[in-house]
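The values are calculated or read from the model by the stated rules, or taken from the named source; none is laboratory data. In this text the structure is predicted, and so the values were computed from the model without any measurement. Every residue, glycine among them, receives a Cβ derived from its backbone with ideal geometry; neighbour counts consider all protein chains shown.
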Protein chains: 2
Amino acid sequence: MGEKIAAVLDRATSKPGDRSPTSACCSDGKPKPRDRIVATARDMFHQHGFRPVGVEAIAEAAGTNKMTLYRHFGSKDELIVECLKSVAAEAEAQWRVLEARHAGNPRAHLVAWVREAADCVLADGRGCSLANAAVELTEAHHPARRLVELCKSAYRDRMVGLCRSAGIAQAENLADALSLLLEGARVSRQSVGAEGPSAKFVRTAEAMIAAFASEEA
Amino acid sequence: MGEKIAAVLDRATSKPGDRSPTSACCSDGKPKPRDRIVATARDMFHQHGFRPVGVEAIAEAAGTNKMTLYRHFGSKDELIVECLKSVAAEAEAQWRVLEARHAGNPRAHLVAWVREAADCVLADGRGCSLANAAVELTEAHHPARRLVELCKSAYRDRMVGLCRSAGIAQAENLADALSLLLEGARVSRQSVGAEGPSAKFVRTAEAMIAAFASEEA
DNA sequence: CGGTTCTGTTACCGATCAGTAACAAGCCGG
DNA sequence: CCGGCTTGTTACTGATCGGTAACAGAACCG
């Protein structure tokens, strides 16, 4: 472990030579190539997976070219890592929004999380890019693997903290159970479709929360 | 759906010109090339994923060559499908063993399933090859996608049947919940490792079964 | 033995793709 | 207006990989 995710995620969007506070917005509405590339690659990787998407296709879809891409990212793997960082950062931002909205009411936060997670499952047929990366990028020392582990682990910590502050006695057990449910729903959605077991995610998660809540000593 | 899985799976190991009852065992212990190829490819695909494993590597690892491979399989995709069929057939066989062992005691069958599923999760770091295929093979009309959907759907039906015969009132809900847990445990095992949420699979699944069982009207 | 079927070997094609070189054009600050 | 930095363009390399052709040898069965 050792390394804090906060530090890793900080390096996600900001670069040493950063000038503008909005981080690379060419005064007109068009973002700078680097950000366009990350945003485009993130979508394409999410949609089609990592291996089948070529760097040339990414660059073209981002309205630029391969050469510019390689001036910002040393390799395709590096770009992948940057995309995953972007995904993780967005997820953390969403979490914070939810946290702020239900400040002081962790129980409401918990049920809101279930709803939002369900939306996330239903929204698109492809699950979590982080998990997908772990499935697809099997090389033991691929830089993405370490990041995925870090992010998932951090997410788990947040869930445990939320459950704990919601007064759940077995906070870790509930947090892990909910994590498994969500992860399962997302992958099940991909293999059997939206009509399969993933359709029961909300119902099951809510029942589980209720069961754990009624056990407070 | 229309097509029965039984029919699909039947085509898995048997071919039109099948002579020996043991299906391709060269009198000596060494299986015939076709079966060696399927077995080897199945392992390699499972370990490293589908895209990164080349047909040449498979053939060599199976103690044969690419040409012989292409005499038995029209394409790499076809080989992939055959491997997935083999995986599904093996899973179904294991299910039947469990079913026979706990014949007449579906409740014991259910808890045995949890244990075996947990072993399966812990055994190797890579999850279910079928689910992995759905994640990795994103082309909408890839032949493997249809098979995966079929198999997962069939597995779900078996689970529902088991829960029902175990006297669970909300059999479908429990079956889906357990499916989500297992699927989630397997993918979580890949992303965060064995110490993550997947470690709680048995505990959670058993608690869930108990909860559903106590609700019989 | 003779013929057929299955297998091994080698060499090859064509396509895709990550990554690089070299040069021209634009933008922006001083 | 000038000089540096970023971007665009084109062309290229080298490697990998799916799939095929053609021929030679082995096993099997009548």
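Here is the figure for the range A:187-206: residues that are more than 8 Å from chain B (Cβ to nearest Cβ), not basic (K, R) and not in a loop (DSSP other than H, G, I, E, B) total 3. Residue pairs whose Cβ atoms lie under 9 Å apart, sitting 6 or more positions apart in sequence or on different chains, and linking a residue in the range A:191-210 that is at negative phi and of a type in the set (D, E) to a partner that is crowded, with 18+ Cβ neighbours inside 10 Å and not in a loop (DSSP other than H, G, I, E, B), are A:E206/A:V114.
Each row is one residue, and each column tells you yes or no for (1) surrounded by fewer than 24 Cβ atoms within 10 Å (Cβ to Cβ); (2) of a type in the set (A, V, I, L, M, F, W, C).
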| residue | (1), (2) |
| --- | --- |
| A:H141 | yes, no |
| A:R145 | yes, no |
| A:Y155 | yes, no |
| A:R158 | yes, no |
| A:A171 | yes, yes |
| A:L174 | no, yes |
| A:A177 | no, yes |
| A:G184 | no, no |
| A:R189 | no, no |
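Can you pull out the residues in the range B:74-90 that are of a type outside the set (S, T, Y), within 13 Å of DNA strand D (Cβ to nearest atom) and farther than 14 Å from B:L150 by Cβ? Those that are of a type outside the set (S, T, Y), within 13 Å of DNA strand D (Cβ to nearest atom) and farther than 14 Å from B:L150 by Cβ: B:G74, B:K76, B:D77, B:E78, B:L79, B:I80, B:E82. Screening A:E60, A:E90 for residues that are within 13 Å of DNA strand C (Cβ to nearest atom) and part of a helix (DSSP H, G or I) leaves exactly one candidate, A:E60. For B:V97, the requirement of being β-branched (V, I, T) and away from DNA strand D (no atom under 16 Å from the Cβ) is met. Test B:E56 against the stated conditions and say whether it is away from chain A (no Cβ under 14 Å), of a type in the set (D, E) and in contact (Cβ under 8 Å) with a residue 40 or more places away in the chain. So B:E56 does not fit the description; no. No other residue among A:R71, A:R42, A:R51 is within 11 Å of DNA strand D (Cβ to nearest atom) and closer than 26 Å to A:V187 by Cα apart from A:R51.
Can you spot a residue in the range B:179-186 that is more than 7 Å from chain A (Cβ to nearest Cβ), without any contact (Cβ under 8 Å) to a residue 24 or more places away in the chain and either part of a helix (DSSP H, G or I) or under 20 Å from B:H102 (Cβ atoms) (or both)? No, the range B:179-186 contains no residue that is more than 7 Å from chain A (Cβ to nearest Cβ), without any contact (Cβ under 8 Å) to a residue 24 or more places away in the chain and either part of a helix (DSSP H, G or I) or under 20 Å from B:H102 (Cβ atoms) (or both). The number of residues in the range B:120-143 being under 13 Å from B:R42 (Cβ atoms) and either at pLDDT below 95 or not in a loop (DSSP other than H, G, I, E, B) (or both) comes to 5. With respect to B:S129, determine if the residue is more than 9 Å from chain A (Cβ to nearest Cβ), surrounded by 22 or more Cβ atoms within 10 Å (Cβ to Cβ) and touching a helix residue (DSSP H, G or I) at 6+ places or on another chain (Cβ under 8 Å). So B:S129 passes the test. All of (1) surrounded by 12 or more Cβ atoms within 10 Å (Cβ to Cβ); (2) away from every other protein chain (no Cβ under 14 Å); (3) in a helix (DSSP H, G or I); (4) modelled with pLDDT of 50 or more hold for B:D77 with one exception: (2).
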